[in-house]
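Since the structure comes first, as structure tokens, the remarks are kept for the end.
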Amino acid sequence: MTTVATAGQASGVIVRRFDETAGWTDEHRLEGGWPTASPGNGGWTTSVVDLETRLEHTTREGALEVPGADTRPAALIGPRLAHYAAWAGDGDVLCYVVPDGQALSLRTWRRGETGFRTHLSASPLFPAWVPGTSQLLCHHGASLTAFDAVSGDQRMLSATATGFRTPAVRDDGGSIAWAEVDAGQVHVMTSTLQGESAREASFPNGVALGFRPGSGELTVAVATSPESGIFGEVVTLAGEEGARRLVKGPLAAFWWAPNGERSSRSIPPTAVTGVSRRGCTTRGGGSWVRWSRSSRPETPRR
């Protein structure tokens, strides 16, 4: 059974459930926005903004306020954005970013506890959990640091990390990837949490990284120019074979399905049509494109 949370038409978040017999049904409504699911059917966490801000975690037993996530009066990171949060894979610890004066604070809260831990104050912050561990990675400024959410210990992995991107983590926690700049080139680096880093490939422009689920295959979206947020291609790094193109751009974002069998991408609007599109690619190479602001039908392509 699949459960998703979507923005309501007026306000709040609607939690919807899907099964093969009944289809989609509305389960309940949550206050706030920017929903984050706790693994193992452990409820939903939402960011609530009014005259003040707070994070609320809602389960079948009721709602509670996450410690250390409130600001009075309301302080925002962006329009209607007061927090961004992510649960660890075991659903036991929540990491979240909250405004803290002129900077942002990276904090963690363990389910059932009344206190919280502040790991870092900086701006910007891009955190990512390492699956199967208590390790939390954070790209902040030019640094990439690993924090232990239990002990509070930290270890710097890179002092020259670049780009405004969350570090990529393999789904088994066995490898992480990030980017560094040297001599006018963007270098893709990989490492284990305790090992030495290695250079995997180099590109002329910025990159966004992600591991293909169920494999150690690293996927790299390469920007069209050094300052661009639009990507010209997505390639995979296949060991000694080097970079192999998976998708040709332009595209604004790229995601793998949880089983690694399919990928989806967001295609930016064109100057002529103003229509943006979403696409999907299968492992066999087939793809389809759906227009998000048009009556055009889904179009299969190969």
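Table for the structure above
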{"item": "Chain lengthening between Gln102 and Ile14 when straightened (0.36 nm per residue, less Cα-Cα)", "result": "28.4 nm"}
{"item": "The chain - accessible surface per residue (Å², probe 1.4 Å)", "result": "52 Å²"}
{"item": "Fluctuation leader among Thr53, Thr114, Thr166 - the chain, Gaussian network, Cα springs under 10 angstrom", "result": "Thr114"}
{"item": "Euclidean distance of C-alpha centroids, the stretch 253-267 and the stretch 197-220, integer Å", "result": "15 Å"}
{"item": "Gain upon complete extension [Asp50, Thr25; 0.36 nm per residue less C-alpha separation]", "result": "6.1 nm"}
{"item": "Summed side-chain charge close to Glu56 - residues other than Glu56 whose Cβ falls under 9 Å, Lys, Arg +1, Asp, Glu -1", "result": "-1"}
{"item": "Centre separation in Å (Cα based) which lies between the stretch 15-59 and the stretch 98-136", "result": "21 Å"}
{"item": "Distance (nanometres) between label positions extended 7 Å along Cα→Cβ at Ser225 and Ala238", "result": "3.2 nm"}
{"item": "Accessible-area composition of the chain, carbon plus sulfur, in percent [1.4 Å probe]", "result": "50 percent"}
{"item": "Within the stretch 27-52: backbone nitrogen closer than 13 Å to the Arg60 label point (7 Å, Cα to C-beta)", "result": "41-43"}
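The values are calculated or read from the model by the stated rules, or taken from the named source; none is laboratory data. Computed from a predicted model, the values in this text were never measured in an experiment. No Cβ is skipped: glycine too gets one built from the backbone with ideal geometry, and neighbour counts run over all protein chains shown. Surface accessibility is based on the protein's heavy atoms, side chains included, excluding ligands, DNA and RNA. Shrake-Rupley method; radii C 1.70, N 1.55, O 1.52, S 1.80 Å.
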